Structures are given as structure tokens and as C-alpha cells.
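Heads up, the thing below is written out as C-alpha cells.
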Amino acid sequence: MKNPLIEQLIEAHLAFLDQEFSEPETIQTEFINFYHWLRQKRLQELWSLEDINHLIQKQILATPASNFLIEQIAEHIRFALVHPVNDETKVEDIIPVITIDKIALYISSKSGHRKALIKRIVNNPSFSDTLTQLIHHSIQDYIDNSVMNKKVPGVGRFMKMGKSVLESVTDTNLDDTVKHYLQKNIIKISQLSENILNQNFDDNKLYHFQANLWHKIKAVPLSTIKSYIEVNDLPKTVALGHEVWEHLRQTDYLKKQIHDGVYAWYVRNQERNFDLIFRDINIDEALIQNELQKLLEPIIQQMVSSGHLRTRARHYLEKFYYSEQALQILNIEKGA
């Protein structure tokens, strides 16, 4: 049963809240006060390692991305690629030459890593097979189509005759002989390739190679990227990337990586207060006052003008004013 006095108190209370929260100054004051309270709290006072890890594991790893999100990713990539500003923006406009020079110096200085990579490449069976076929085809092409064959009468016929004589004497096919020789000596050829590659990619030559490459591409407009990416295939390629993520997110490997990464971050930050943690991501009081408060203010104003705040406040005010404690204070009998 409704009590007239209590109903008047509730309405007065609601009117007070409407008035207070319709004022921008109130919103700003409360938001700043909340920030001042939160900034002094240490991470471990509010959240445990398990809380953070559980949220990440659930929302990122255990929850699949929606089809709409995948479509939006593909659309935003397409939009970025076809944006007209790409036609008037050059590579050098978005990548500073100083950074490029630092990268070139860094890469060229890693001679030990480079030599190890070259060794692994030239000793790979696929490289050996490719090199063997390339040399074999080059020799065959020279025998069949050399410039001397075409320009000097009789040379072509002489070389073919010599090939036939050699094959009859050795009782083997020349192609097989060449292949056998190459396969037998591929280790030496690979070692020679490794030495040549190391000579042509020493620190100084590699640095200048990168510098020359930069000068060739720095004036190229960004729209050139479209020549290397099938824009119309983006829904398919993004979907393929999503398939990789769908599998990866469910693996024990990624779950362990994220858990241990969160653990390492938590251990480093659990004793720090939120003021320092916020500074790590460039959130300070000036941002709260000048930017975030402006984003929050329209939300609160909408809550007030739409009656949402009043409805939710009434729910709790009724529970309070009709509670036994409040009724005793107001000297009102329950049910009266």
C-alpha cells in the first residue's frame, strides 16, 4: 500500500536528482571525484590476476568473432585501400626517411644472423633442387640456342654432332650426365653460392641496396598497393585469416601464452596505483576533464531527459523508503 508522505519524499528526491544531473557541472565534478578516488587504488586492491585472465580468456579466446565483425574488418580494409587520399600520398609522406635509415643500418649490421639465414637457405634440399634444374636448363639452352649457333654457319650442327659423339662414346645421355654431375657436386655448388651471396650481401652492400630501394619507392603513391592486393577478394582473404584465428584461439598454446603474459604484466603492476597505470596509456586528469567528460555528459543527459535515470532511481528509492528502518525513522507503521 502506497503512503502519501513517502510518495511525496520519493518524488522530491527524484526531482532533486533530475535537477542535479541535468547540470554539466555535476557530471564533471562526480567524474573527476571518481577519477581521484580510482587513481589512488592499487591494481591488486580491485582486481586479481584470476579476474583479469578469466575475462581475457572468456571474451577473446572462448568467444568467436561474429560474422558482422569479420565483414566490417574486410570493409574497413577495402575502404582504406581505395580511399582517394592514397592517390596524392607518397610512401615518404607516411614513413620518415630517418627511420628507414635506422632500419637499414640495423639490418645491415646483423651479419651473423644474415650468414646463418643464407646457410640455411642454400643447404635446404629445395634450394639444391632448384639450383640444379636452373643450371641444367641453362646448359641445355646454351647448347640448343646459343648466339654462336645462330650467327656462325655450321656451329649448331657441329655442337649437336659433338653431343651425339659424346653420348655414343660414354654410352650415356648428355642430359643425364649433366644432371649426375650437378647432383654429385651440388654441395660444392651450394657452398660457392653461399660465398657469393655473403659477398654480395655484406654489411656495406646490403645497406646501399636498401638505400637504393628506398629511393625507388619513396615517391610511389600509396594507391599502387592496389596493384598487389585484390580488393574484390578481401572478403575471402579476411575470412581465411579468420579461419587461422579461429583455430589458434582454441589452442592450448595461445591460452598458455596469454595466461603467462597477463601474469608477467600483473606481477609488475600489482603494487602500482591506477594513476601510474593510466599514465602508461596516456590517461591523465587533463584528458578526463577535456575529453572523456565530454563523451560522458551527453549519455547522462540522455538518461535524464528520457526518464531512464528517474525510473531506475525510483526502483531503489521505493525499496529504501518502504524499508523497516526508514518507516521507523518516519514513524510510519508498515502497511499504513
- Message: I want to confirm something. Restricting to segment 253-273 and keeping residues that are of a type in the set (S, T, N, Q) and outside any helix (DSSP H, G or I), which single residue is nearest to Gln59 (Cα to Cα)?
- Response: Gln270
- Per the list (1) surrounded by fewer than 13 Cβ atoms within 10 Å (Cβ to Cβ); (2) farther than 25 Å from His215 by Cβ; (3) of a type in the set (S, T, N, Q), residue check on Thr99 breaks on (2)
- Query: Gln325 passes all but one of (1) closer than 30 Å to Ala15 by Cα; (2) out of contact with any His (no Cβ under 8 Å at 6 or more places or on another chain); (3) touching a residue at least 60 places away in the same chain (Cβ under 8 Å); which number fails?
  - Reply: (3)
- Does Ile288 meet the test of being part of a helix (DSSP H, G or I), in contact (Cβ under 8 Å) with a residue 60 or more places away in the chain, in the same structural domain as Glu25 (by TED's automatic domain parsing) and of a type in the set (A, V, I, L, M, F, W, C)? yes
- Search segment 1-27 for residues that are in the same structural domain as Arg312 (by TED's automatic domain parsing) and assigned to a helix (DSSP H, G or I) and pair each with any residue that is of a type in the set (Ser, Thr, Tyr) and surrounded by 11 or more Cβ atoms within 10 Å (Cβ to Cβ) when their beta-carbon atoms are under 8 Å apart and the residues are at least 6 apart or on different chains. Ile6/Tyr321; Ile6/Tyr322; Leu9/Tyr321; Ile10/Tyr321; Glu20/Thr26
- Go through the residues of segment 130-151 one by one and say whether even a single one is within 29 Å of the chain's Cα centre (by Cα) and either modelled with pLDDT under 80 or closer than 20 Å to Ser190 by Cβ (or both). no
- Task: Please indicate, with yes or no, whether at least one residue in segment 2-11 is over 30 Å from Pro235 (Cβ atoms), in contact with a helix residue (DSSP H, G or I) (Cβ under 7 Å, 6 or more places away or on another chain), modelled with pLDDT of 90 or more and not β-branched (Val, Ile, Thr).
- Result: yes
- Evaluate the following for Ile118: is it touching a helix residue (DSSP H, G or I) at 6+ places or on another chain (Cβ under 6 Å), part of a helix (DSSP H, G or I) and farther than 30 Å from Arg249 by Cβ? yes
- Query: In segment 222-252, what count of residues is obtained for those that are loosely packed, with under 13 Cβ neighbours inside 10 Å, hydroxyl-bearing (Ser, Thr, Tyr) and farther than 28 Å from Leu61 by Cβ?
  - Reply: 2
- All but one of (1) under 30 Å from Lys58 (Cα atoms); (2) outside any helix (DSSP H, G or I) hold for Ala219; which doesn't? (1)
- Item | Output for segment 291-308, where each listed residue is among the aliphatic types (A, V, I, L, M) and in contact (Cβ under 8 Å) with a residue 40 or more places away in the chain | Leu292, Leu296, Ile300, Met303, Val304
- For Gly261, the lone unmet condition from (1) more than 16 Å from Leu55 (Cβ to Cβ); (2) free of Cβ contacts under 8 Å to residues at least 12 places away in the same chain; (3) of a type outside the set (Val, Ile, Thr) is (1)
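The values are calculated or read from the model by the stated rules, or taken from the named source; none is laboratory data. Remember, predicted model here, so these are calculated numbers, not experimental data. Neighbour counts are summed over all protein chains in view; Cβ atoms, including those assigned to glycine, are modelled from backbone coordinates with ideal geometry.
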